[in-house]
Amino acid sequence: MTTDGLEIDGLVVQVGETRVGPVHAEVAPGQVLVVAGPSGAGKTTLLRGICGLLPSISGEVRLHGRRLTDLPTEDRGLGYVPQSLALFPHRNAAANVRYPLEIRDREDAGPRAEALLQRFGIAHRAAAHPAQLSGGERQRVALARALAAEPTALLFDEPLSALDLLARDDMVELLRGVLERDSLPMVLVTHDPMTGFPLGDRFLFLEGGEARQVGSLSDVLQGPSTPFVARFLGFENVLTPGELGAAAGPFRRWLSSRSGPRGVAFPADALLLEPQGVDAGTAGPVDGGPWPARVRRWRVSSKGYRLNVEVEGIRLEAEVAREGGAPASPGRDVHILLREGAVCALGDR
Amino acid sequence: MARVPSVVLALLSASLLALFVLPIVAIATYVPFSQILAVASDPAVEASLEFTLLASGIALALAVFLGVPLGYVLARRRFPGHALVESVVTLPVVLPHLVAGLALLFLFAPEAPLGALADRMGFPVVSTIWGVVLVMAYVGGAYTVLATAEAFRAIDPELLETARTLGASRGDVFLSVTFPLAFRGILTGALLTWARSVSEIGGLLILAYTVVPSPPYNGPVTQPITVYVYNLYALGDTSAALAVSSLLILVSFALFLAVRLLEARGRMPWRGRVLVP
């Protein structure tokens, strides 16, 4: 086990009825652990537990080998930027950044705060109060304030969610700059893994307080470990054994007899059907079908048309080439074909 | 829902504002300024006013000293009987003040156990400044507690948590974030407490109609200013009653204005964990 960076070792945090964990994850200096999950998954609870704002029931957090779990929040040396940013409304931008330095009675509080404001390009807004700042400016002040405390790790709760696309790109660049210059281990919480992809080195997926998967971006994209992670990452046509049912029709029976290209038999955790491998109405090299289906809706996609069809009660996304003309309208009966290799078992991609 | 026309809203608002302002305007137009100056230099009025300001100042200090912690506890702590305590705090606001005066007299009369104890400790209550302070703190203290509790409740707990992640201890957080953010609310509550104290009469008629010197008040025998005005009116000297009332209005208004201006001009800034005076 590494002694450098931030280690979360079996941490369990409870607030009210909600329990999060046990979570095991590590993040090295200069790297980012993205904690992803839907609302209510326990992402913020986990961050607050790491900070010591919530008591941990078991497990521990170590920073560069030092055990943090028994230390009060103020002695943990963790920079935490909550989703609301929590800028002090009675202090202007400069005074917000000075705050951690003043608390430590640092004589160089003023110059250091000014240097941080310069670094993040907001020196011209030093006298403005939080309510007078834009969303991006507030983010920068919050980041500068967190760094003024000279933390040994940084924790961010949804740093990108409240920003428009341009400001989001700026923020990503800003965080990259912090990673390069300060080389701190960083934990970033997001409900949208896509926003974490550009920054994340490791990904931790939480669902209902449970850690579902931890790994690098290529690990999780190659092999999402659960149907939840697969769907959360944007995979479509994820079919679980429960959804597929026992034997209620030829299509379902045929799917249940499939196995992945590397031999992982279904039922595993789930089946993945690439939409590009699900065709509606054209012939070609096929693994199965044709199966009678009904069109539910369609939309234009970058490659043609995207159809949502229903086969024996199973809803599937199908990609249809544009050359075939306009797709069938909703309610129309079609046949779908599954191209070769379209079906694979989860964990066998 | 249909929108209430602006003119109707303006009329309704103006009616109430007129009710608030017109009596003061009536006094101001009836009493010439020279007469206000004349009563201000009357030794009896001077003694009554000075006494009232002293007593209300002590009552205010007492209300803030005890009321701010109570407001904080009500806002930030959950304990059995929380709702009951909150109801008790509002009791003086709804209780008729004559009844409050009678109750305090019953409690602090020299022959009552608590009154005897207060006497022995050097704080005689009936017809002394301490009686006046008690009545004022009783009728006005609730405003400080309620406004303080509301001010503390309005603070986003995430601000306090974040301050701790930035290295502030719990004490630092209170002094550098919680208290500065609640200060406006506390100040508002304190002003209301003071205003309520100065304007009190019901309880004072029972407990301290006339005040005899007793430390810290060492002046002549006097009356709280409201009782003094009532006395003038009861004796038929309406003109003098109005002149003293005008003086009281001017003093109160000047004090209110001074505090609000100081606050608005940011003369009470916060630096680090300390309040810069």
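The values are calculated or read from the model by the stated rules, or taken from the named source; none is laboratory data. Worth saying up front: this structure is predicted, and the values here are computed from it rather than measured. All Cβ positions, glycine included, derive from the backbone under ideal geometry; neighbour counts span all protein chains shown.
The table that follows gives values for the structure above.
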| item | result |
| --- | --- |
| Among (1) within 12 Å of chain B (Cβ to nearest Cβ); (2) closer than 30 Å to A:Val20 by Cα - the single one A:Pro130 does not satisfy | (2) |
| Members of the stretch A:90-111 found to be more than 7 Å from chain B (Cβ to nearest Cβ) and in contact with a helix residue (DSSP H, G or I) (Cβ under 6 Å, 6 or more places away or on another chain), listed by number | A:Ala93, A:Ala94, A:Asn96, A:Val97, A:Arg98, A:Leu101, A:Ala109 |
| Number of the condition not met by B:Gly167 [criteria: (1) modelled with pLDDT of 90 or more; (2) under 23 Å from the mean Cα position of the chain (by Cα); (3) within 14 Å of another protein chain (Cβ to nearest Cβ)] | (2) |
| Any hit, the stretch A:90-105, residues being in contact with a His (Cβ under 8 Å, 6 or more places away or on another chain) and closer than 18 Å to A:Ala162 by Cβ | yes |
| When residues of the stretch B:218-250 are limited to those that are touching a helix residue (DSSP H, G or I) at 6+ places or on another chain (Cβ under 9 Å) and closer than 14 Å to B:Ile129 by Cα, the one surrounded by the most Cβ atoms within 10 Å (Cβ to Cβ) | B:Pro224 |
| Any hit, the stretch A:58-76, residues being within 28 Å of A:Gly234 (Cα to Cα), touching an Asp or Glu at 6+ places or on another chain (Cβ under 8 Å), in the same structural domain as A:Gly200 (by TED's automatic domain parsing) and at pLDDT 90 or above | no |
| Residue identified as more than 11 Å from chain B (Cβ to nearest Cβ) and either in contact with a Phe, Trp or Tyr (Cβ under 8 Å, 6 or more places away or on another chain) or farther than 20 Å from A:Gly52 by Cα (or both) among A:Leu184, A:Leu163 | A:Leu163 |
| Residue list for the stretch B:127-164, restricted to those being within 14 Å of chain A (Cβ to nearest Cβ) and not hydrophobic (A, V, I, L, M, F, W, C) | B:Asp156, B:Pro157, B:Glu158, B:Glu161, B:Thr162, B:Arg164 |
| Within the stretch A:70-86, considering residues that are more than 16 Å from A:Pro185 (Cβ to Cβ) and touching a residue at least 24 places away in the same chain (Cβ under 8 Å), the one surrounded by the fewest Cβ atoms within 10 Å (Cβ to Cβ) | A:Gln83 |
| Matching option when the condition is within 14 Å of chain B (Cβ to nearest Cβ), touching a Phe, Trp or Tyr at 6+ places or on another chain (Cβ under 8 Å) and touching a residue at least 40 places away in the same chain (Cβ under 8 Å), among A:Leu174, A:Leu155 | A:Leu155 |
| Filtered residues of the stretch B:32-62 (kept if of a type in the set (Asp, Glu) and in contact with a strand residue (DSSP E or B) (Cβ under 9 Å, 6 or more places away or on another chain)) | B:Glu50 |
| Any chance B:Ser127 is among the hydroxyl-bearing types (Ser, Thr, Tyr) and surrounded by fewer than 21 Cβ atoms within 10 Å (Cβ to Cβ) | yes |
| Yes/no for B:Arg164 being of a type outside the set (A, V, I, L, M, F, W, C) and more than 30 Å from A:Leu71 (Cα to Cα) | no |
